[in-house]
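Engineer: Shown below is the structure under consideration.
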Amino acid sequence: MKSRKSAWTRVVIIFLALILVSILIVQLLEMWKKAALETPQATKESRRDEDIIEDNYIAMMNYISLVNDEIDSSKKNKLLLEQVYKSLMDNTAPHAIDDRTQVQFNNMLTEINNLRMIDVKRDRLNYIYQQNQAQSMRAVVPNPISFLAGTTSIQFGALASAIAYMAIDSTTSYKSATSTTDLKYLQDGWELDDEETNSLNQSREDLFNYMIDMVQKNHIPDQYVLDSETVEEYVKYKEEKNNTRRIEYLESKKDTFLKFGDYWLTLADSYYQNGDYSNCIDAIDSYINLNVDIFRKDHGLAKVLPLAISATQESVHNKAKQRKSIESYLSLLKSNLETDDWALRYFAAQTDEYLYSMTQNKGYLQDAYSLAKENVNYLIDKQLSLNKQYLKRVQKKKIPKDASKEQKKEIKEYNKLLVEKRKTELPPVYEPLYLNCDLMFALLKKLNLPLEESKKLETILHGNDSKSTLFLTAPLENMYDADDSKTIDDSGIAFDDKKLIIPAYLVSERAKVVVMIGEKSDKVNISDWVVSEVDRSKKKKSKISDITIRYESKNFSDYAFEKNMPVQVVITPVNGSSCPDISVKFRTKMKKFLWIPSPVFERVT
């Protein structure tokens, strides 16, 4: 009996042991299975990280190669150098630079800095460029809230083009917006001389050594690293005026440039110019999918995103899909804006207006208002600086002790330019500022924002001093003043013989003057008025009310006046703006000097 119990006990123990072993085997199998499933995924994730690092190395090397070749190939190199210097200095993501890349960057920055223009010339070029850009944008969107109607597709595309194609190194921007004296000074020294070009050639040799080091160190596949000859050919076709030829070349080299970000941006731009909106969108999406991660803000992408938004509006007819795509591109645009990207931010605000027209969601209008206000807050300082310069005596730039011979020459030429310009200089209007002021105030009214917001804007524009002015041109200033009761004093408009005298606060550097003689069908319009002299006080710092402008007109001077003829002076303070005209009427009386009759112009109240 006892042995029988012992046998059963052994059987039970063995049975339980088998169960435990089975459980352990099942658990081990589960663990092995789980490990087998997780290991490839972990390897995949690890590989993905390696791919990202490799792609960043490729992107950085190809970007540096492109920069070198664009500088070398440009006919207006010193203008392009300013863009390149800023991008390398301020916009390169620190995580994308290893020790070897940092050495190469430092070499390039030192080289470019030695070739740059003097600061005053850079500032003047940038000012003229921005003035011209703002004028172009106002021309295509004269009403700042016209997009609220939702029917302005042609204007929408035109605004995108005005922003995208106003290249900083385009001399036409400056030729159309500045005087002969100004242009002569600015053009001098735009191109690199032989010695400077040779210096850049040395930089290309350094680049070659850098690329070899990076490829060997990081085991990068050769096919993705562009050689200098390929980059040179690419830049040549990138600058090709014949858009069809450019597209033909780019399409034939798709495999070569598969991981070259600038290729997709250039292709998108080219397709857009050809009206091929679907392919434009595809090219931009291809760039986005590269996940280029070597910049703090992707300026290249930001520049073409207005084209993506415009192309979407033109080609995607399903409103829900169109809105979703535009929202996605707009979000990407906003995330890549710098503080000084006022033109792109203005476009973003107009896009928000368009989205409001599709949805009636006032959140879009609020976003547009915030963007315009951000622009205004940033741009104010430039206007105040221009005002200060205009009211003071000419402030000549001092020549630094360590200035080169070329720099000394440029500074002397700049000082001559200041003196020459001052003789006929009119009050400045920083056009990007008043373009955005128009938009901001239009949206303030549309949103019907509370009085507290209006007071806040008043403080932003004028500080806490009720007597301070943002624009020296009074009619323009009054447009953005909370005090609607202010009037314009035009009593200073008068004739001195046949010269026209106008107080400086009634005009600007974009003022237009027309004098109408006679009535109805006999009326003659005289518009060839030019500034002959600016009369200033003898003080070190003038008030705008102390300055008067003398205008002359050959046609007016030659006109045969008679007694009691009506003469009307019409002044457009800022031509092309919504600023109201000023109109003053006179009548002629005739006086004689040595029996020779001459007209006297008496004010008619």
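The values are calculated or read from the model by the stated rules, or taken from the named source; none is laboratory data. Computed from a prediction, not measured in an experiment: that's the story for all the values here. FYI the Cβ positions are ideal-geometry reconstructions off the backbone, even for glycines, and counts take in every protein chain you see. Areas reflect the complete protein model, heavy atoms only, side chains present, ligands, DNA and RNA absent. Shrake-Rupley method; radii C 1.70, N 1.55, O 1.52, S 1.80 Å.
Engineer: Considering segment 396-415 alone, what residues qualify as being under 29 Å from Ser545 (Cβ atoms) and out of contact with any helix residue (DSSP H, G or I) (no Cβ under 8 Å at 6 or more places or on another chain)? Please lay out each step first, then the result.
Structural biologist: If we filter segment 396-415 for residues that are under 29 Å from Ser545 (Cβ atoms), which is where we start, we get 396-397, 415.
Within segment 396-415, just Asn415 meets the criteria.
Engineer: Does segment 526-541 include one or more residues that are small (Gly, Ala, Ser), closer than 20 Å to Lys421 by Cα and surrounded by fewer than 18 Cβ atoms within 10 Å (Cβ to Cβ)? Even if it seems obvious, please write down each step before you answer.
Structural biologist: Applying the first criterion (small (Gly, Ala, Ser)) to segment 526-541 yields 527, 532, 537.
Now restrict to residues that are closer than 20 Å to Lys421 by Cα: 532, 537.
Now drop any that are not surrounded by fewer than 18 Cβ atoms within 10 Å (Cβ to Cβ), which leaves 532, 537.
Scanning segment 526-541 turns up at least one residue that is small (Gly, Ala, Ser), closer than 20 Å to Lys421 by Cα and surrounded by fewer than 18 Cβ atoms within 10 Å (Cβ to Cβ).
Engineer: Check Val429, Val394 and return the single one that is in contact with an Asp or Glu (Cβ under 8 Å, 6 or more places away or on another chain) and in a loop (DSSP other than H, G, I, E, B).
Structural biologist: Numbers: Val394 fails: in contact with an Asp or Glu (Cβ under 8 Å, 6 or more places away or on another chain).
Only one candidate qualifies: Val429.
Engineer: Kindly establish whether Tyr378 is in the same structural domain as Glu453 (by the TED database) and either closer than 25 Å to Glu509 by Cα or surrounded by fewer than 17 Cβ atoms within 10 Å (Cβ to Cβ) (or both).
Structural biologist: Details: in the same structural domain as Glu453 (by the TED database): no; either closer than 25 Å to Glu509 by Cα or surrounded by fewer than 17 Cβ atoms within 10 Å (Cβ to Cβ) (or both): yes.
No, not satisfied.
Engineer: How many residues are assigned to a helix (DSSP H, G or I) and open to solvent by 80 Å² or more (accessible area, probe 1.4 Å) when one looks only at segment 397-411? Full working, then the answer.
Structural biologist: The first filter runs over segment 397-411 and keeps only residues assigned to a helix (DSSP H, G or I), leaving 405-411.
Keeping just the survivors that are open to solvent by 80 Å² or more (accessible area, probe 1.4 Å) gives 405-406, 408-409.
Final tally of qualifying residues: 4.
Engineer: Next up: Could you please find all residues in segment 437-471 being part of a helix (DSSP H, G or I) and hydrophobic (A, V, I, L, M, F, W, C)? Show your work before the answer.
Structural biologist: Filtering segment 437-471 down to residues part of a helix (DSSP H, G or I) leaves 437-447, 451-462.
Once the filter is applied, which keeps residues that are part of a helix (DSSP H, G or I) and hydrophobic (A, V, I, L, M, F, W, C), segment 437-471 yields Cys437, Leu439, Met440, Phe441, Ala442, Leu443, Leu444, Leu447, Leu451, Leu457, Ile460, Leu461.
Engineer: What number goes with the only condition from (1) at pLDDT 95 or above; (2) within 30 Å of Val140 (Cα to Cα); (3) among the hydrophobic types (A, V, I, L, M, F, W, C) that Ile549 does not pass?
Structural biologist: Answer for Ile549: the failing condition is (2).
Engineer: Here's a follow-up. Just one of the numbered conditions (1) at pLDDT 90 or above; (2) assigned by the TED database to the domain that holds Val584 is not true of Asp522; which one?
Structural biologist: Going through (1) at pLDDT 90 or above; (2) assigned by the TED database to the domain that holds Val584 one by one, Asp522 breaks only (1).
Engineer: Same structure again: If you check Pro428 against the conditions, is it touching a residue at least 40 places away in the same chain (Cβ under 8 Å) and not assigned by the TED database to the domain that holds Glu509? So that I can check it myself, show each step before the final result.
Structural biologist: Working: touching a residue at least 40 places away in the same chain (Cβ under 8 Å): yes; not assigned by the TED database to the domain that holds Glu509: yes.
The answer is yes for Pro428.
Engineer: While we're looking at this one, here's another question. I'd like the residue in segment 567-593 that is among the charged types (D, E, K, R) and without any contact (Cβ under 8 Å) to a residue 12 or more places away in the chain and, out of all such residues, is least open to solvent (accessible area, probe 1.4 Å).
Structural biologist: Initially, segment 567-593 is screened for residues among the charged types (D, E, K, R), giving 581, 585, 587, 589, 591-592.
Checking which are without any contact (Cβ under 8 Å) to a residue 12 or more places away in the chain leaves us with 581, 591-592.
Working: Asp581: 90, Lys591: 113, Lys592: 158 Å².
Checking each candidate, the answer is Asp581.
Engineer: How many of the residues making up segment 394-439 are among the aliphatic types (A, V, I, L, M) and in contact with a strand residue (DSSP E or B) (Cβ under 9 Å, 6 or more places away or on another chain)?
Structural biologist: Quick first cut of segment 394-439, residues among the aliphatic types (A, V, I, L, M) only: 394, 399, 403, 411, 417-419, 426, 429, 433, 435, 439.
So of that shortlist, the ones also in contact with a strand residue (DSSP E or B) (Cβ under 9 Å, 6 or more places away or on another chain) come out as 426.
Final tally of qualifying residues: 1.
Engineer: I'm trying to understand the selection: among the residues of segment 501-547, which are touching a residue at least 60 places away in the same chain (Cβ under 8 Å) and of a type outside the set (A, V, I, L, M, F, W, C)?
Structural biologist: Across segment 501-547, the qualifying residues are Tyr505, Ser508, Glu509, Arg510, Lys512, Ser532, Glu533, Lys540, Lys541, Ser542, Lys543.
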